[in-house]
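**Q** Handing you a structure now.
The values are calculated or read from the model by the stated rules, or taken from the named source; none is laboratory data. Quantities reported herein were computed from a predicted structural model and do not represent experimental measurements. FYI the Cβ positions are ideal-geometry reconstructions off the backbone, even for glycines, and counts take in every protein chain you see.
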Amino acid sequence: MKRLLSCFLLALLFSLGISINVEASGFEKGERCKVKISVDDKSIDLSSVVLDVYSAECTYSEPGVGTYYYSEYYNNSLNFDLNGSVSVEKPSENLLVSVNLDTLPDGYGVCPNSYFFHNGIDEFTFELKRISSIDINHGDSYSVDRACDVDMDVATCFDENGQFIFAYPKIIKRDFVLLNRSCITNDAEKDLSLEYVYNVKAGGKEYLVNKQYSLHCPNKAAKAESLFKLGIISEHEYMNTLASFMLYGDQYMDEDNIIECGTSFYMMLYDYREKHDDRRTDYSLIDKALNRSNKFQKNTRSLTYMDSVRGKILEILTLIMRRLSI
């Protein structure tokens with residue numbers, strides 16, 4: 001009965017297109033593979049480098065298309081000998097070995113970081129290489145929010161030939177300098193030139209990495225926002241710039257964005273004045289912008305309940321319902 005049930009289950013799985021590795025592998029406990037780690041400097045002590053060993057179990061396969069999925073499970077850890085060699089007893093027919101990056105000699109990385117033993121392969125050599133340079137991937141430099149987000153920066157290590165190596169680099173500190181401070185007062189200068197200085201820890205050592213970026217600001221208001229978020233100007237300077245832009249700039253008055261942009265500035269200034277009333281501070285420019293009449297105030301009042309086509313339709317329907325009720 002059990003045999004009949006097993007055959008039925010296997011037939012069902014194969015009918016669903018699922019292939020399971022059920023044939024005997026011929027693997028016997030006690031089989032071994034050899035792992036080495038090479039380095040040009042023969043004076044380097046490799047006995048402190050640790051190799052982590054994982055057994056690998058095939059959980060799904062499609063031999064017809066060459067697709068195999070494995071799950072790895074930690075088995076044990078071994079140290080290389082002085083010559084950078086270690087003999088590994090296979091915990092399973094297939095296995096994964098990975099160099100523990102925290103145990104590498106100071107100033108070094110490894111290539112690759114791990115290796116998967118399969119199809120009867122029984123020897124592999126890792127390469128230990130000195131860290132020659134570190135690069136920082138900063139992503140989209142045109143976004144001020146991106147420029148302020150250090151958590152998204154990614155450090156990568158390279159050897160003297162420019163080859164990527166694994167060394168588990170960590171950015172532990174980041175500072176920046178505004179290279180073109182003239183842009184604060186020069187409205188025609190629309191780009192912010194920033195130089196970042198990164199403190200990166202990799203391979204047991206700390207490195208200083210300099211990287212320059214250009215942050216484009218399409219107008220005076222956007223530039224002021226970027227400078228404020230970067231901590232270069234104060235909030236009051238930012239609000240004064242917005243007020244000046246509203247009073248004397250034409251860009252925010254375009255038909256396509258007059259309500260969206262103008263009202264946003266108005267509400268920011270309004271909220272700022274609600275929270276600040278220091279007699280020693282000059283708010284005249286901000287108050288002038290808030291008290292501006294005609295086109296600006298009309299549009300900001302309309303936006304309170306009508307910031308989209310949907311709002312306009314709702315207003316018309318409300319008027320109709322009121323007339324019908326009368």
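**Q** When you scan region 96-103, do you find a residue that is among the charged types (D, E, K, R) and more than 25 Å from Ala167 (Cα to Cα), even just one?
**A** no
**Q** Just to confirm my filter: which strands (runs of 3 or more DSSP E) fall fully inside region 1-86 and include at least 3 residues that are under 21 Å from Glu127 (Cβ atoms), in contact with an Asp or Glu (Cβ under 7 Å, 6 or more places away or on another chain) and at pLDDT 90 or above?
**A** Filter on region 1-86 gives 32-38.
**Q** Next question. Assess whether Asn180 counts as being more than 23 Å from the chain's Cα centre (by Cα) and either on the phi < 0 side of the Ramachandran plot or in the same structural domain as Val49 (by TED's automatic domain parsing) (or both).
**A** yes
**Q** Separate question: Do you know which residues across region 191-211 are farther than 10 Å from Ile136 by Cβ and charged (D, E, K, R)?
**A** Asp191, Glu195, Lys201, Lys205, Glu206
**Q** Test Ala188 against the stated conditions and say whether it is over 23 Å from the mean Cα position of the chain (by Cα) and not assigned by TED's automatic domain parsing to the domain that holds Ser244.
**A** yes
**Q** Within region 185-192, is even one residue within 18 Å of Ser234 (Cα to Cα), out of contact with any strand residue (DSSP E or B) (no Cβ under 6 Å at 6 or more places or on another chain) and surrounded by fewer than 13 Cβ atoms within 10 Å (Cβ to Cβ)?
**A** Scanning region 185-192, I find at least one residue that is within 18 Å of Ser234 (Cα to Cα), out of contact with any strand residue (DSSP E or B) (no Cβ under 6 Å at 6 or more places or on another chain) and surrounded by fewer than 13 Cβ atoms within 10 Å (Cβ to Cβ), so the answer is yes.
**Q** Moving to a separate point now. State yes or no: is Asp135 in contact with a Ser or Thr (Cβ under 8 Å, 6 or more places away or on another chain), outside any loop (DSSP other than H, G, I, E, B) and not assigned by TED's automatic domain parsing to the domain that holds Val50?
**A** Judged against the criteria, Asp135 is a match.
**Q** Just to be sure, is Ser48 in contact (Cβ under 8 Å) with a residue 24 or more places away in the chain and within 16 Å of Ala167 (Cα to Cα)?
**A** Spelling it out, Ser48 is indeed in contact (Cβ under 8 Å) with a residue 24 or more places away in the chain and within 16 Å of Ala167 (Cα to Cα).
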